[in-house]
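Asker: For reference, the structure I am asking about is given below.
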Amino acid sequence: MSALSAAPRTVADFALWGGRASIAVTEPGQLQPAMRLVSEELGRIERAASTYRADSELVRINRGDTAAQLSPLLAEMVAVSLRVARATGGLVDPTVTHPGTGTWRDVFLDGPMLVRGGGVRLDLGATAKAWAADRCATLVHQALGTGVLVGLLGDLSAAGPAPELGWRIDVAEDHRSQDDTVSIRIGSGGVATSSTTTRRHRDAGRSVVVTGVPPCSNHIVDPLTRRSVTGRWRTVSVAADSCVGANAASTAALVLGNRAALWGVSTLHTEESVEWLLDRGLSARLIDAEGQITTVGGWPR
Amino acid sequence: MDRSEEARRRAMTIAVLSALGGAAATGLLMGGLALADQDGATTDQTTTDPTVTDDDLWSGQTSPWSDDDGSDSGSGSSVPQGPGSGSSGRTGGS
């Protein structure tokens, strides 16, 4: 066995929820314990909030009375989704994925108590993955003391001390793709990418992902139209101080681009996504429908 | 109506509605929403932490850098081995 292969691994990659997940740690020897912690936590999160399993708490809640008491875990996830909806002015809305009525404004949460309007269903898909990355990274760091970077289907969150060079993150339009990537480094926080070049649909209760080129039916939904977004931008990557924040901003930027196309405004006005990101001090990389790249804030050029 | 007062009012409303249960709660909830709109009250649905403001979601600054910047990793030099020297993760649409 060579000296290289004998060295403890610090990065692991594995299949998750129809995509890829990864864990990287700074402390050799902590990778396996970290993977166990993350696996157990993701199991709890899936049982609470998955819309792909009939026995999840969220599916039961959506089928049940409009007033219900949630588990602490699901309550926290719903609270995050509503916070994101409020922060984005409804550009990211936990009620729009399902056909139905109402918006996030028809959902009320007080601690574990949830009340929603009739016909309003929750789908936490727009925020749960990023939130899970933040939660798992914090959990690993607090339990094991190691610096860690958790990646869940393209949503990445760092916690604890970073490597000397920072965490190297490859940026692509599809997190499964090995092509056309650039690399950035972060010392903390999170990075997320939203893209219209991938689409997801359900097949026999499973999540199936198809990669394509715009305009295709993708899983980014504009709450205004309840249809897949199109518009000037096809992919937006954002770095923020949390993965939830990064993911909310990348999705909101795509939706804003859709609004501009929807209203038929000029090219000048389609920069609204850029201005929205700048106003919030965010660093981002946007790719338009023709493949032209725009960087915002502190994103490396 | 300030933010904390609004949060307390909504918490009390939700507690009452929850005690009443589903169908009755839904009807009252819709009525309550109409009244809230007439009052001009701001929407503040998550009372879990009423001190959190919208902008807190992006309160911190995180600026990524690249090896090509030359300032952080020494452009053109060999990259030291160890955590962080290779790719640690990949972002992209899902």
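The values are calculated or read from the model by the stated rules, or taken from the named source; none is laboratory data. Just so it is clear, the model here is predicted, and its values are computed rather than measured. Using ideal geometry, Cβ is built from the backbone for each residue, glycine included, and neighbour counts are taken over all protein chains shown. Only protein heavy atoms, including side chains, enter the accessible area calculation; ligands, DNA and RNA are left aside. Shrake-Rupley method; radii C 1.70, N 1.55, O 1.52, S 1.80 Å.
Asker: I need a count of the residues in the stretch A:153-194 that are among the acidic types (Asp, Glu), facing chain B (nearest Cβ under 7 Å) and open to solvent by 40 Å² or more (accessible area, probe 1.4 Å).
Answerer: The number of residues fulfilling the criteria is 2.
Asker: Could you list, ordered by first residue, the pairs with Cβ atoms under 6 Å in which the first is in the stretch A:57-84 and more than 7 Å from chain B (Cβ to nearest Cβ) and the second is at pLDDT below 95 and open to solvent by 30 Å² or more (accessible area, probe 1.4 Å), at least 6 apart or interchain?
Answerer: Close Cβ pairs (under 6 Å, with a partner that is at pLDDT below 95 and open to solvent by 30 Å² or more (accessible area, probe 1.4 Å)) amount to A:Asn62/A:Arg121.
Asker: I'm trying to understand the selection: among the residues of the stretch A:219-258, which are in a strand (DSSP E or B), open to solvent by 10 Å² or more (accessible area, probe 1.4 Å) and polar (S, T, N, Q)?
Answerer: Of everything in the stretch A:219-258, just one residue is in a strand (DSSP E or B), open to solvent by 10 Å² or more (accessible area, probe 1.4 Å) and polar (S, T, N, Q), namely A:Ser228.
Asker: Of all residues in the stretch A:107-121, count the ones that are modelled with pLDDT of 95 or more and out of contact with any Phe, Trp or Tyr (no Cβ under 9 Å at 6 or more places or on another chain).
Answerer: 7
Asker: Okay, moving on. Of the residues in the stretch A:115-127, how many are within 12 Å of another protein chain (Cβ to nearest Cβ) and within 23 Å of the chain's Cα centre (by Cα)?
Answerer: Residues in the stretch A:115-127 being within 12 Å of another protein chain (Cβ to nearest Cβ) and within 23 Å of the chain's Cα centre (by Cα): 4 in total.
Asker: If you go through the stretch A:107-137 one residue at a time, how many are over 19 Å from A:Val38 (Cβ atoms) and not in a helix (DSSP H, G or I)?
Answerer: 17
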